[in-house]
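Notes follow once the structure below has been shown.
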Amino acid sequence: MALLGSTSGLTMVAACDGTKPLIRHDGKEPGPFPTPDRPVAPIVSPRWSTEEDRDRKNEAGEVMAKAGIAKGMTVADIGAGEGYYTIRLAARVGKDGRVLAEDIIPAVRDTLADRVARQRLDNVSVRLGGASDPKLPDDSFDRVLMVHMYHEIEQPYEFLWRLRPSLDRTGEVIVVDADRPTQFHGTPPALLKCEFAAVGYQLVQMTDMPSAGGYLAAFKAVGPRPDPATIHACRSPKG
């Protein structure tokens, strides 16, 4: 597993936020992706509860245990916000592991970068992600964590399609969300499974996660990545 990936057949381009160059594939961009048949929740705050309250419930500990996150792993924290999971992931994976924390709001990214620097977390990198493209290096991650943010992704099919190559051979995407309509800051489990399946992911586990305010779902990529033209939008449950 190589966090930076191979540069064979790839082009290194400078990131607009001043971080290390991103790795982009040469070749044509894919065609259009389907429009999701569901509302998209607005991004209202990087914080949904205090860290002290979350720790009292052992939220991060339970999520990381269910996700199988262990020492030496490389983990991406997508929608990292103020870094509740980033900080705890850094301790979990240890000095031989790596954590890449992303947010799409520059000010939030900068606040998190300051926190990481103050706490001298040498195994953490902080980067600005894209709304429909996490811009992660290929074949790099054992786990990609998305906590209470999936319902805020405007183009889930494109996002998941572009995310797939970043997973290592045994990598998994871990989603933590609430079982409620997307406009109310949750994702119904059936809709989540359908959207992931549409882009070639297979459900590994789904379990209740009361300490995190909902459920945890784990997915792995199977088979070839589908042509965007063959992806069909899932019907959103009404309510």
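Coordinate-derived values only; no laboratory data. In this text the structure is predicted, and so the values were computed from the model without any measurement. Cβ: placed from backbone, ideal geometry, glycine included. Neighbour counts: every protein chain shown.
For this structure, a couple of remarks:
- Backbone HN-Hα couplings from phi across segment 212-218 [Karplus 6.51/-1.76/1.60, Hz, Gly and Pro as x]: 9, x, x, 9, 10, 10, 10
- For segment 103-115, the Karplus equation 6.51 cos²θ - 1.76 cosθ + 1.60, evaluated at θ = phi - 60°, returns couplings of 8, 9, 9, x, 5, 5, 4, 5, 4, 5, 4, 5, 5 Hz by residue, with Gly and Pro reported as x.
- Spacing of the two label points (7 Å from each Cα toward its C-beta) at LYS95 and ASP53, in nm: 3.7 nm
- Simple spin-label estimate for ARG180 and ILE105 in nanometres, 7 Å along Cα-Cβ: 1.9 nm
- Gain on full extension, evaluated as 0.36 nm per residue between CYS194 and ASP37 minus their Cα-Cα distance, stands at 55.4 nm.
- Under the simplified labelling scheme, the ARG169-LYS220 pair shows an inter-label distance of 1.2 nm, with each label point 7 Å from Cα along Cα→Cβ.
- Over segment 10-230, relative contact order from alpha-carbon pairs under 8 Å, at least 6 apart, %: 20 percent
- Long-range HN-HN contacts of MET209 with modeled amide H, under 5 Å: GLY214, TYR215, LEU216
- Amide H contacts of ALA101 (H built 1.01 Å from N, in plane; Pro and chain starts excluded): ASP77, SER125, VAL126, ARG127 sit under 5 Å, all sequence-distant by 5 or more or on other chains.
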